[in-house]
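Let me begin by presenting the structure, written as structure tokens, before commenting on it.
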Amino acid sequence: MRAGQSGNDGASDMTGPAKKRTPRQRDPERTRAQLLEAALHEFADHGFHGARVDRITRAVGCNPRLLYHYFGSKEKLYIAALEHIFADIRAQERELDLDRQEPVQAMRRLVEFTYDFFDGNPLFVKLTRNENLLEGRFIADIAAIRTSSQPLLDAIGAIMARGQAQGVFGHRYDPLQIYVTIVALSAHHLNNGHTLSAIFGIDLLSRDWRSARRAHTVDLVMNALSGADSPQP
């Protein structure tokens, strides 16, 4: 074996000069995605003001300059995080194909999905809760979130209209009122679980209680829609 040649480097047949080791190719999209993922956790745990850029870049293993290269500033990174989480929920809602289902099935599926999304996405719950503490300061300026949310209200309105026409829904509520009600039923116990659990001596965050809450949420919304004597707004 020649000096300087390893016996297990897979190049025992190399007779010429050693090849130069090429530097690892950069993957901008992957790095950007990793930074965004780390930012989601940082902003969720510490809020906008408490979040630290150095913790985000340390989690990814890159230089802070790279974060500013991809996102420009901490504020723009936070906005990107908000855009990301809302793009995710809106995309999953579109995949439900609510307009292709019968009204009762479509509304039940939407309620179940919304509950399960909040229950299974603590980052979304924490980020939106923190943004509410900022009085919606950043999200108010993100037109894409408003634009992407309107089709959901249109879909809810269409479901209720079809349900009323078929006689399976007794009343067509305002779509926004219904959606806010679904969100409240799905998220209030998550945002206030520790205090409510302490007050009533029941663990509202336990798996069994959350499962019962899911069934209650679905029943409450579906019963409200099917009731013929619901008050007019």
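Here are the numbers:
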item: Note, ³J(HN,Hα) from phi for the range 210-215, Karplus 6.51, -1.76, 1.60, rounded to Hz, x at Gly and Pro; result: 5, 5, 5, 5, 4, 4
item: Top of Val180, Val221, Val53 by mean-square fluctuation, Gaussian network on the chain, Cα under 10 Å; result: Val180
item: Accessible surface, per residue, of the range 88-228 when the full set of protein chains is kept, probe 1.4 Å, Å²; result: 54 Å²
item: Qualifying GluC sites (Glu not before Pro) for the range 70-116 [loop in DSSP, other Cβ within 10 Å: at most 13]; result: Glu95
item: Alpha-carbon radius of gyration plus Dmax, which is the widest Cα pair, for the range 20-119 in Å; result: 18.4, 66
item: With Cα atoms, 0 to 90° folded angle of helix 74-94 axis to the chain main axis; result: 60 degrees
item: Exposed trypsin sites (Lys or Arg not before Pro) absent - longest run of the chain, DSSP non-H/G/I/E/B, at most 14 other C-beta within 10 Å; result: 138-233
item: Residue-by-residue Karplus 3J(HN,Hα) for the range 96-112, coefficients 6.51, -1.76, 1.60, Hz, glycine and proline x; result: 6, 6, 4, 6, 9, 10, 4, x, 5, 5, 5, 5, 4, 5, 5, 5, 4
item: Cα convex hull of the chain, projected area averaged across orientations, nm²; result: 20.9 nm²
item: Using θ = phi - 60° and Karplus 6.51 cos²θ - 1.76 cosθ + 1.60, couplings along the range 27-41 (whole Hz; Gly, Pro as x); result: 10, x, 5, 5, 5, 4, 5, 5, 5, 5, 5, 5, 5, 4, 5
item: Protein accessible area in the chain, 1.4 Å probe - carbon and sulfur %; result: 51 percent
item: Max mean-square fluctuation residue, GNM over the chain, Cα-Cα springs under 10 Å, options Gly157, Gly193, Gly201; result: Gly201
item: For the range 68-190, alpha-carbon Rg over 2.2 N^0.38 Å; result: 1.18
item: Hull shadow area, averaged, the range 26-72 [alpha-carbon convex hull, nm²]; result: 2.9 nm²
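The values are calculated or read from the model by the stated rules, or taken from the named source; none is laboratory data. All of these numbers come straight from a predicted model, not from anything done at the bench. Note that each Cβ is placed from the backbone with ideal geometry, even for glycine, and that neighbours are counted across all protein chains shown. Ligands, DNA and RNA are excluded from the accessible area calculation, which covers all protein heavy atoms including side chains. Shrake-Rupley method; radii C 1.70, N 1.55, O 1.52, S 1.80 Å.
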